[in-house]
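Colleague: Submitted below is the structure of interest, expressed as structure tokens.
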């Protein structure tokens with residue numbers, strides 16, 4: 001898809017490696033003004049603190065978070081900030097295969113599919129699995145707490161984790177993307193998911 005400007009939006013790419021495979025998460029943040037280098041730096045600090053305290057402790061130790069890239073989405077040549085990280089997942093357990101993930105559901109105050117989002121975790125540890133294809137209740141609860149923590153941390157600085165909807169009914173929105181502020185995160189089931197592009201040799 002051709003680049004579509006999203007004013008006031010900063011994309012945050014959380015970059016990592018799992019068994020040599022490049023993996024990433026992307027979070028969209030509405031900063032409610034024109035992004036500046038200082039704003040990108042502040043958002044980077046908030047997300048890095050969240051990774052250290054809430055997200056990384058839930059990842060298997062075969063996952064390494066190697067950095068973040070923050071980009072102003074208002075223009076194709078928008079400013080960006082890239083930083084290196086050296087986090088290693090905090091769960092000392094064998095990991096499930098690279099393509100195995102689990103979905104955190106992002107919720108807003110609006111209805112409809114466009115007003116909801118997903119975050120697929122970078123890896124799931126063996127001891128977070130229940131049976132063959134499910135995750136434990138403790139893991140589900142911890143992941144939802146982690147997601148809500150990022151919502152609150154960003155809001156505390158006047159920013160908002162956002163769902164950016166570029167299309168409606170399969171076609172580009174005529175007035176540009178619509179933003180939905182994430183109010184909370186949750187999990188809708190305990191079933192493990194597949195991210196086939198994370199198989200070794202398939203992704204980046």
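For (1) at pLDDT below 95; (2) within 30 Å of residue 172 (Cβ to Cβ); (3) out of contact with any helix residue (DSSP H, G or I) (no Cβ under 7 Å at 6 or more places or on another chain); (4) buried (at least 16 other Cβ atoms within 10 Å of the Cβ), each residue gets a yes or a no:
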| position | (1), (2), (3), (4) |
| --- | --- |
| 2 | yes, yes, yes, no |
| 9 | no, yes, yes, yes |
| 23 | yes, yes, no, yes |
| 26 | no, yes, yes, no |
| 29 | no, yes, no, yes |
| 38 | no, no, yes, no |
| 58 | no, no, no, yes |
| 68 | no, yes, no, yes |
| 71 | no, yes, yes, yes |
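Colleague: Closer than 21 Å to residue 57 by Cβ, buried (at least 18 other Cβ atoms within 10 Å of the Cβ) and in contact with a strand residue (DSSP E or B) (Cβ under 8 Å, 6 or more places away or on another chain): does that describe residue 187?
Modeller: Against the criterion (closer than 21 Å to residue 57 by Cβ, buried (at least 18 other Cβ atoms within 10 Å of the Cβ) and in contact with a strand residue (DSSP E or B) (Cβ under 8 Å, 6 or more places away or on another chain)), residue 187 qualifies.
Colleague: Does residue 165 satisfy the condition of being under 26 Å from residue 39 (Cβ atoms), without any contact (Cβ under 8 Å) to a residue 60 or more places away in the chain and under 16 Å from the mean Cα position of the chain (by Cα)?
Modeller: The answer is yes for residue 165.
Colleague: So, one more: Please go through the stretch 61-98 and give me each residue that is in a loop (DSSP other than H, G, I, E, B), touching a strand residue (DSSP E or B) at 6+ places or on another chain (Cβ under 9 Å) and over 13 Å from residue 51 (Cβ atoms), ordered by number.
Modeller: 61, 62, 73, 74, 78, 79, 92, 93, 94, 96, 98 - these are the residues of the stretch 61-98 that are in a loop (DSSP other than H, G, I, E, B), touching a strand residue (DSSP E or B) at 6+ places or on another chain (Cβ under 9 Å) and over 13 Å from residue 51 (Cβ atoms).
Colleague: Further question: Could you list, in sequence order, all residues of the stretch 112-125 that are part of a helix (DSSP H, G or I) and either surrounded by 12 or more Cβ atoms within 10 Å (Cβ to Cβ) or in contact with a helix residue (DSSP H, G or I) (Cβ under 9 Å, 6 or more places away or on another chain) (or both)?
Modeller: Answer for the stretch 112-125, where residues must be part of a helix (DSSP H, G or I) and either surrounded by 12 or more Cβ atoms within 10 Å (Cβ to Cβ) or in contact with a helix residue (DSSP H, G or I) (Cβ under 9 Å, 6 or more places away or on another chain) (or both): 114, 115.
Colleague: Go through the residues of the stretch 76-97 one by one and say whether even a single one is under 14 Å from the mean Cα position of the chain (by Cα), crowded, with 21+ Cβ neighbours inside 10 Å and at pLDDT 95 or above.
Modeller: No, the stretch 76-97 contains no residue that is under 14 Å from the mean Cα position of the chain (by Cα), crowded, with 21+ Cβ neighbours inside 10 Å and at pLDDT 95 or above.
Colleague: Starting from residues that are at pLDDT 85 or above and part of a strand (DSSP E or B), keep the ones in the stretch 167-184 and report whichever is surrounded by the fewest Cβ atoms within 10 Å (Cβ to Cβ).
Modeller: 184
Colleague: Something else: Can you name every residue in the stretch 1-60 that is in contact with a strand residue (DSSP E or B) (Cβ under 9 Å, 6 or more places away or on another chain), within 30 Å of residue 125 (Cβ to Cβ) and in a loop (DSSP other than H, G, I, E, B)?
Modeller: If the condition is that a residue be in contact with a strand residue (DSSP E or B) (Cβ under 9 Å, 6 or more places away or on another chain), within 30 Å of residue 125 (Cβ to Cβ) and in a loop (DSSP other than H, G, I, E, B), then 19, 59 are the ones that fit.
The values are calculated or read from the model by the stated rules, or taken from the named source; none is laboratory data. All values reported here derive from a predicted model rather than from experimental measurement. Cβ atoms come from the backbone with ideal geometry, glycine included; neighbour counts cover every protein chain shown.
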